[in-house]
Amino acid sequence: MVWKYYLNVLSLIKGSSRIKWRIVVVLLLLITNLILAKLPQKPLSDYSVFSSAIYARHGELLRLTLASDQQYRLWMPLAEIPLSLRTGTLLYEDRWFYRHPGFNPLALLRSAWMSYGRGAHQGGSTITMQVARQLYRIDSRNPLGKLRQIAAAVWLELRYSKNEILEVYLNTAPYGGNIVGVAAASLLYFHKPVSQLTLTEALTLAVIPQNPKQRFPNKHSTQPGLPSALQQARIRLWQNWLAEFPQDKRYAADFALPLSVYSKADKPFLAPHLTDLLLRQYPHEQHIHSSIDSKTQLSIKQSVDNYLQQNRSLGIRNAAVLLLDTRTMQVRALIGSANYWDVGIKGQVNGTQAKRSPGSTLKPFIYALALDQGLLHPRTIIADTPTSFGPYNPENFDSRFLGPITVQDALIRSRNIPALNTAAKLKQPSLYGFLQHAGISGLKPEQHYGLSLALGGGEVTMLELAQLYAMLPNQGRFQPVHYRVDQKEQAVPEKTLLSPASAFITLDILSNNPRPDTKRLAYPKVAWKTGTSWGFKDAWSVGVTGHYVLAVWVGNFDNQGNTAFTGIKAAGSLFFSLIDSLRSQHLLDRLDGELLPPKPESVAQVNVCAASGDLPNEDCPSLVKTWFIPGKSPIKTSTLHKAVYFNAKGEVICKGQPYSRRATYEFWPNDMALLFQEAGLPRRQPPTLPSCYDNFNGEAELEIVSPSSIGVYTLKTGKPSTIGLKAKSKANSDIFWFANKSFIGKAKAAETLSWMPENPGTYRIRVTDEQGQIASKEITVTFVP
């Protein structure tokens, strides 16, 4: 049809031009067209710069940025623009678009007659001419400019298809103010992607470009408040539409309903910390589909606002929250701070990415590693007692010591000393090595932390913590986190850092941690842990519920401490407030689902003696079940309980004698018995047994408790520093300490002897008792200024 137009043009040439010249011109045009058709053409989208739109996982707009020329402009392929909007635009703007060669002579003549003959302006530009004016910045308000516009339109028609030209028109047409293109207009006026527009909304957009100054909405309003020019244009187009498509009369009632149209001032600005992050990662992408669930995001933000309002009198002004789907590792909600615009709290800092002290939130992984290394099981009895690690003398958060305690209780009650003692025994990997393998960034050399890493001496981000906790329901697999639903690349490859068995057992232990408000177990189950950093600067609560990891932080970005910043009270209460709110609103699928993954085949459940954590002997009076990893978990038959027989006079006699009375006693090693006494839980003193009891209370087992297995002790030069020497023995006798061949001193078993090394170097520490039992450890002592 283009060439029919050229032939018509040539036929109008006046004068004595000969036919052969006409033929030459036609041939030249044909050749030119063939050459242009073969040459690759610059995409029409390259003529513009674009905004970036970030969407929630179901398509809701989170944020729309300005392009570099301060316009709201997005490119949308023609196939993704509704047919109703394309048809309505052609019906209103250019009925003959698919039939003319770029300009419509009749329309131009009519426009000239109305404009110059009657003084009433009427447009005559085709869609192609409007595209040409936009692309080439042509001033078409005078005859010369109009001719340039026509020539440019013809030039476009020679090089591009009709669909390509229509696509560029719909993406570059003005829709009021600095809103350009149907994609941006749909997001700003209707808060939905253009593909989701209804017929009424599509026809409303179709009429705006013809007179954008008069027809675009300037405030949030319903149909009675729409600009009259827009309302009248909609009615005219609707009438034309019904003339073409009479079957659509069924939509007349919809068209008559009030139409909600938003203004630019109403544009969404949700999850700003997440959108900031995505804009930095993908600066040149126009359409970014995040993994955020918008309803969940809004619910969590409202809950955080309510919590901060209720606790403002305590000085609690800021919080951060991260919700992670452990099945896909996609972030479902992210609150980087309480208020993005609040300068006073440094609100634009993303708390989920900030390095903070994790407090005690790393303790579960100490015990998970110890489970894998065969050091303990959940019912193993460990000591919560004052302990020195070289010059490091840690305490528990409550400054109290509970004496002997099970591993499960030590983790749930977040006891520091048991965690440190366990961390000191870890090898290949240590806690530091585990964090290194997990890709925790910014770690200093291991010697910088020593054992303090177990209590929050290092720094991690909320994101890193969430990744670690996601390993527990994911059978020990460490996986990268995704912020996009369509994200394919993995910055960090998946790797297994814990066995499925230890991950399962650790998750089960944490699920026995009671809620802070009711002091009862959460139902459905929640496996969670709190943390409080030194100086009350950070309060944490991190846990697993259903298929999700929820991480909560309360604190100040300027590191100002506040005694209200405790994990159990500040972060823990917000943590369960969020869970209760999300569950009541049914916002997350499977939030109420099974907490524990299927039990791995490598995990067994056995009965152990409740008091000792060992396999029960015949005299153990109380049994409990515990998880057990065959081939790894330490297990032995308990020797704690022993049946003792008495005669009528109350004297201990041997088993099997007539008229005897039987009583069961606990025979704790003297160091453990002392711990019970110091913890205010003294045990019943067992009697001395005669030799017929196989010297049950006379076993001379000797073990060094301190110095610990860390091996290296760093002391300060010029400052008196001692290393505590302590051993446990079942023999109630004196013990003797040596450093290399030099005698240090004498003490009772379970007593601590202070030793002050004079020189740096390697020392073989030996201890012996009166029965000749010997134990030893090798340590290295260094001095620093």
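The values are calculated or read from the model by the stated rules, or taken from the named source; none is laboratory data. Since this is a predicted model, take the numbers as computed values, not measurements. So basically every Cβ, Gly included, is an ideal-geometry build from the backbone, and we count neighbours across all protein chains shown. What goes into the accessible areas is simple: the full protein's heavy atoms, side chains included, and nothing from ligands, DNA or RNA. Shrake-Rupley method; radii C 1.70, N 1.55, O 1.52, S 1.80 Å.
For the residue pair Ala564 and Gln605, what label-to-label distance in nm results when each label sits 7 Å from Cα along the Cα-to-beta-carbon direction?
Here the answer is 4.3 nm between the modelled labels.
Could you order Arg379, Arg63, Arg356 so the one with the most accessible surface comes first? Probe is 1.4 Å.
So the residues, ranked largest to smallest area, are Arg379, Arg63, Arg356.
Angle check, please: helix 162-172 long axis (alpha carbons) against the longest principal axis of the chain (alpha carbons), in degrees 0 to 90, nearest 10.
That works out to roughly 60 degrees.
Between their Cα atoms, which of Lys213/Lys267; Lys525/Lys599; Lys42/Lys192 are more than 21 Å away from each other?
Too far apart for the 21 Å limit: Lys42/Lys192.
Would you mind counting up the charge near Gln657? Only other residues with Cβ under 14 Å from its Cβ, with Lys and Arg at +1 and Asp and Glu at -1.
On the way: positive: Lys649, Lys655, Arg661, Arg662; negative: Glu651.
Summing Lys and Arg as +1 and Asp and Glu as -1 gives +3.
To the nearest 10 square angstrom, how much accessible area does Thr664 have with a 1.4 angstrom probe?
Surface accessible to solvent at Thr664 totals approximately 40 Å².
Within the range 495-584, report the trypsin sites (Lys or Arg not before Pro) that DSSP leaves as loop and that have at most 10 other Cβ atoms within 10 Å. Walk me through the numbers before you get to the answer.
Values: sites: Lys495, Lys519, Arg520, Lys525, Lys529, Lys537, Lys569, Arg583; in loops: Lys519, Arg520, Lys525, Lys537.
In loop regions of the range 495-584 (DSSP not H, G, I, E or B), the sparsely surrounded trypsin sites (Lys or Arg not before Pro) are Lys519, Arg520.
Give me the accessible area per residue for the chain, probe 1.4 Å, as a whole number in Å². Walk me through the numbers before you get to the answer.
Numbers: 36940 Å² over 785 residues.
Here the residues of the chain average 47 Å² of exposed surface.
When the chain is fully extended, how far beyond the present Cα-Cα distance does Gln373 get from Arg520, taking 0.36 nm per residue of separation?
Length gained, Gln373 through Arg520: 49.7 nm.
At Ser754 and Cys654, where each label point lies 7 Å from the Cα along Cα→Cβ, what is the point-to-point distance in nanometres?
That separation, rounded to one decimal, is 5.0 nm.
Can you work out the FRET efficiency for the pair Arg764 and Thr664, with r the C-beta to C-beta distance and R0 = 45 Å, to the nearest 0.05?
0.60
For Lys719 and Ser742 in one chain, what is 0.36 nm times their gap in residues minus the Cα-Cα distance, to one decimal in nm?
On the way: separation 23, 0.36 × 23 = 8.28 nm, distance 2.26 nm.
That pair, Lys719 and Ser742, stretches by 6.0 nm at full extension.
Determine, from the Cβ-Cβ distance of Trp341 and Arg99 and an R0 of 60 Å, the FRET efficiency 1/(1 + (r/R0)^6), rounded to the nearest 0.05.
Efficiency, from the Cβ-Cβ distance: 0.65.
Could you give the semi-axes, largest first, of the ellipsoid that matches the chain, computed as the square roots of 5 times the alpha carbon gyration tensor eigenvalues and rounded to whole Å?
Numbers: eigenvalues 1295, 141, 100 Å².
After diagonalising the Cα gyration tensor, the semi-axes are 80, 27, 22 Å.
Quote to one decimal, in nm, the extra length available between Thr639 and Glu494 on full extension: 0.36 nm per residue of separation minus the C-alpha distance between them. Before the final figure, lay out the partial values.
On the way: separation 145, 0.36 × 145 = 52.20 nm, distance 4.43 nm.
Full extension from Thr639 to Glu494 adds 47.8 nm.
Along Cα→Cβ, 7 Å out, is where each label goes; now give me the distance between the ones at Leu83 and Thr328 in nm to one decimal.
3.0 nm
Tell me the mean residue ellipticity at 222 nm calculated for the chain from its helices only (DSSP H runs of n ≥ 4, each -39500 (n - 2.57), averaged over every residue, nearest 500).
Calculated mean residue ellipticity at 222 nm is -9000 deg cm²/dmol.
For the range 258-337, max minus min Cα coordinate along each principal axis, in Å, sorted largest first?
Dimensions of the range 258-337 along the principal axes of its Cα atoms: 43, 41, 23 Å.
Which of the trypsin sites (Lys or Arg not before Pro) found in the range 172-257 are loop residues per DSSP with 14 or fewer other Cβ atoms within 10 Å of their Cβ?
Working: sites: Lys213, Arg215, Lys219, Arg234, Arg236, Lys249, Arg250; in loops: Lys219.
Sites meeting the loop and neighbour criteria: Lys219.
Give me the percent of accessible area attributable to carbon and sulfur for the chain, probe 1.4 angstrom.
Of all accessible area on the chain, carbon and sulfur atoms account for 53 percent.
Between Gln281 and Arg250, how high is the FRET efficiency from 1/(1 + (r/R0)^6) when r is the Cβ-Cβ distance and R₀ = 60 Å? Nearest 0.05.
Calculated transfer efficiency: 0.85.
Could you work out the relative contact order of the chain, using alpha carbon pairs under 8 angstrom and six or more residues apart, expressed as a whole percent? Walk me through the numbers before you get to the answer.
Values: 1485 pairs, mean separation 72.5, N = 785.
It rounds to 9 percent for the chain.
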